[in-house]
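Every read-out reported here was derived from the displayed coordinates using simple, explicitly stated rules and does not represent laboratory data. Quick caveat, the model's predicted, so the values are computed rather than measured. Here the Cβ is made from the backbone with ideal geometry for all residues, glycine too, and neighbour counts use every protein chain on show.
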Amino acid sequence: MTNIIKSRAVVFGVALLIALAPLSTNSASRSLPQTVSTQSADSRRHSEQSIRTEGNTWTWRHVDDDARLEVSIRGHVEFAEDYSDITSISEGGSIRVTDEKGGVTRKFEARSTSSGIQRTYWLNGASRQFDQEAKAWLAKTLDDTVRQGGYDVRPRVRRILRESGPSAVLQEISRLKGDYVKRIYFDELVMNGNLDDQTIRQVLRQAATEIHSDYEKAQLLVRMSEDYLTNDSQRAIYLEGVNTIHSDYEKGRALGALLKKGNFGRENMLLAVKSASNINSDYEKAQFLIRVAAAGSSDESVRMALIDAARTIHSEYERGRVLSAVFK
């Protein structure tokens, strides 16, 4: 028994000396630029959108090359189930639309009055009748407001769940545009869907491939870590999603949420440490590895993985912090 203890001490002592060895100063951590705009693959098309809520007014703006769409909703507005028309507006509420595209400007306003909904429509500054062409335009605009702007998300997701189940919500999410909108639809599904094991796996895989924003992806993963991830298989898919996050901070946040959940199996712990090895920031990497070490894993393979991961830290101070935690 004494010989075994001495042998392990030698192994870890050698590993400690190797890990503390100076690292090449040629490699430097990389940080990826963040932007609020999105571009098509050929970089010739530019689009961006913003969603703002101030008091009881919700505004969505979408710009795509020479097209601009703005929808502002005050109070509460309800749409037909197929979003082809407006069915009710709260007292004092209104909806205003400005659509500029191809040299044509359309404006629409609907407000609540004592006699019902009053609609006004303009084409290139001139008041026009709200005819079939205008109705078709409004129907598409309302559909875009829901699918791209994310308005009415909570009742919409609940209605889809009630009528067709979680798989229909996931299909709808695939048709949505924009990482923020996709994420809030996922959030509503996660909160209200009472998801089974297969659906949880599908949500994790779909989010990893369809959400491109590091922040929005991490937000969803952290949210799922709170109420789901009950087995190693789900946690492994979660870690696959974490590996698609480029931001060191967001990756560390998602890994930390999973570690906080607890009940880590050996294989998941090794996958998490491997994922942390790809974090470029010495500080973020050290923070997570220290948390793993503090979890108190006595598995020798996990400890060796932590030492290997520490070897990828360039800062001697941060590397030393990790190794001190491992051998504590």
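Things to note:
- Taking ASN280, ASN243, ASN194 as the candidate residues, the one with maximal mean-square fluctuation in a Gaussian network model of the chain, Cα springs under 10 Å, is ASN194.
- Restraint check, LYS107/LYS217; LYS260/LYS285; LYS177/LYS260; LYS140/LYS251; LYS177/LYS261, Cα-Cα greater than 27 Å: LYS107/LYS217; LYS177/LYS260; LYS140/LYS251; LYS177/LYS261
- Note on HIS314 and THR57: the model spin-label points, each 7 Å out from Cα along the C-beta direction, lie 4.8 nm apart.
- Exposure proxy order (Cβ contacts within 10 Å, fewest to most) of MET304, MET224: MET304, MET224
- Gyration tensor verdict on the stretch 117-166 (Cα atoms; rounded if a/c is under 1.5, prolate if a/b is larger than b/c, oblate otherwise): prolate
- Over the stretch 144-188, the alpha carbon radius of gyration divided by the compact-protein estimate 2.2 N^0.38 Å works out to 0.99.
- Summing +1 for each Lys or Arg and -1 for each Asp or Glu among the other residues whose beta-carbon sits under 9 angstrom from that of ARG319 gives -1.
- Between SER90 and LYS177, the C-beta separation translates, for a Förster distance of 25 Å, into a calculated FRET efficiency of about 0.35.
- Taking a ≥ b ≥ c as the square roots of the eigenvalues of the Cα gyration tensor, the stretch 201-275 is classed as prolate, since a/c reaches at least 1.5 and a/b is larger than b/c.
- Once the Cα atoms are used to define both axes, helix 300-310 deviates from the longest principal axis of the chain by about 70 degrees.
- Every helix of 4 or more DSSP H residues in the chain counts as -39500 (n - 2.57), and over all residues that averages to -16500 deg cm²/dmol at 222 nm.
- Here r is the Cβ-Cβ distance between LYS260 and HIS76 and R0 is 30 Å; the resulting FRET efficiency, rounded to 0.05, is 0.20.
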